[in-house]
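Single-structure report; data block below.
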Amino acid sequence: MSVREPVGRRAFVVGTGAALLAGGAATGAEAAVVDGPLPDFHPALKDALTFPLAWGTSPIRDFRAWRRAARAQVEEALIVDREDATPYAPEFGERTEADGYTRQLVTLSLTRHERVRAALLTPHGPGPFPAVLLLHDHGARFDIGKEKLVRPWYDATRLASARAWTEKYFSGRFVGDELARRGYVVLAADALGWGDRGPLAYDQQQALAGNFYHLGSSLAGLMAREDARAAGFLARLDRVDRRRIAAVGFSMGAFRAWQTAALSDDVAAAAAVCWMTGLKEMMVPGNNTLRGQSAYYMLHPGLPRHLDFPDVASIAAPRPMLFFNGGLDPLFPADGVRVAHDKLRAVWRSRHAERRLHLRTWPDLGHVFVDHMQDEVFGWLDRVL
């Protein structure tokens, strides 16, 4: 009996790739995990994703019927219970005055499981006012959540962290406070793992998500449900004009913004800065998503068998939507952004509402939401709400 040479990693990859090109399946001796890690047969898995429920691909030709079917598919993928009629039962903290607005903390039930503390800013004046559900980013920084966007007047330690964050991503501005000065009621709450609901450690995210799945639930689904419920809370405040509520976010907060617009009819518009791409174009070697961890906050099992990211965002059509990306953003490859924007444009055009869709790439910027980007978003909100 002859002794065979041990098969190295390169031979594994080449052997498996050759088997796939020949139309065969890789054997156990040829299989490999590569690139990030991805299974070596990931091109075949990507090719199988045709997004058959996407508008224009789906056999459903009535747009309202398509929206219902697409939303129902997303709802199923969230895993978390669809209807949660738990009373919000808000407890409002003491009001403090700021430059043109008042600040207070409010504790409320976004689900039946947990009370959540949020920052609530209200402009001076009689109201009712337009409102913004402001959704924080991920950034692998968990000691602050809502404080990344609203100046934490209630916590000096978090203020120091928050100031550093705004300098890094927001030109030193607290976006929520800027919006309140412009006449918007602002609500910002922590997602699970951040601020009052953390801090989570970066390398605990995958275990947290796995434990949710073992418990018949979903970390990403919980975040989606809570954001939709937060929009509902805003719509029920006397100080808010419920017809004029927008969801706004940066990075993971941008994902949350367009997702909330897709899932909630309480949201009249959404502005998403630095989170939109085609799924296939994102799943490439070197992309941050392949690391796992933070990806679990945006992962709904099985949904890509039916819908791509821009397909989900399109459930919000023909409402006004804004999508910005940085041309130098390493997290979202240019071809993925282009694919997504083309899909979005086609949907809004089909509704004769292309003017309500604002797509822009900032060629000299990376993964940031700096002052001149903010100013354009603020002006856009003034026009569409």
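The values are calculated or read from the model by the stated rules, or taken from the named source; none is laboratory data. Fair warning: this is a prediction, and the values are worked out from it, not measured in the lab. For neighbour counting, all protein chains shown are included, and Cβ atoms are generated from backbone atoms with ideal geometry for every residue, glycine included. Remember, those area values only see protein heavy atoms, side chains included, never the ligands or the DNA or RNA. Shrake-Rupley method; radii C 1.70, N 1.55, O 1.52, S 1.80 Å.
Structure values in brief
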{"quantity": "Under the Debye formula (equal points on every Cα, no solvent term), log10 I(q)/I(0) of segment 218-353 at q = 0.17 Å⁻¹", "calculated": "-0.92"}
{"quantity": "Three semi-axes of the equivalent ellipsoid, the chain, Cα gyration tensor, whole Å, largest first", "calculated": "38, 24, 20"}
{"quantity": "Accessible area per residue, Å², the chain with all protein chains present, probe 1.4 Å", "calculated": "44 Å²"}
{"quantity": "Dipole moment magnitude, nearest 20 debye, the chain about Cα centre, only Lys, Arg, Asp, Glu C-beta charged", "calculated": "800 debye"}
{"quantity": "Long-range HN-HN contacts of Thr102 with modeled amide H, under 5 Å", "calculated": "Thr122, His124"}
{"quantity": "Carbon and sulfur %, accessible surface of the chain computed with the full protein complex present, 1.4 Å", "calculated": "53 percent"}
{"quantity": "Computed over segment 304-354, the ratio Rg/Rh where both radii use C-alpha atoms and Rh is Kirkwood", "calculated": "0.99"}
{"quantity": "Using alpha carbons only: equivalent-ellipsoid semi-axes of segment 64-146, gyration tensor based, whole Å", "calculated": "30, 18, 16"}
{"quantity": "For segment 102-195, convex hull volume per residue from C-alpha positions, Å³", "calculated": "96 Å³"}
{"quantity": "Local net charge near Ser161, Cβ-Cβ under 10 Å (Lys/Arg +1, Asp/Glu -1)", "calculated": "+1"}
{"quantity": "Relative contact order %, the chain, counting alpha carbon pairs below 8 Å whose residues are six or more apart", "calculated": "17 percent"}
{"quantity": "Relative contact order of segment 118-254, pairs being alpha-carbon contacts under 8 Å that are 6 or more residues apart, as %", "calculated": "41 percent"}
{"quantity": "Rg/Rg_ref, segment 149-196, where Rg_ref = 2.2 N^0.38 Å and atoms are Cα", "calculated": "1.15"}
{"quantity": "For segment 196-237 versus segment 313-376, the gap between their alpha-carbon centres in whole angstrom", "calculated": "25 Å"}
{"quantity": "Segment 157-173 versus segment 252-295: alpha-carbon centroid distance in Å", "calculated": "23 Å"}
{"quantity": "Span-like helix ranges in the chain, DSSP H, alpha carbon extent 15 angstrom or more, Kyte mean at least -1.0", "calculated": "9-21, 63-78, 156-169, 219-235, 252-263, 334-350, 371-384"}
{"quantity": "Those trypsin sites (Lys or Arg not before Pro) in segment 32-110 that DSSP places in a loop and that have at most 15 other beta carbons within 10 Å", "calculated": "Arg61, Arg82, Arg95"}
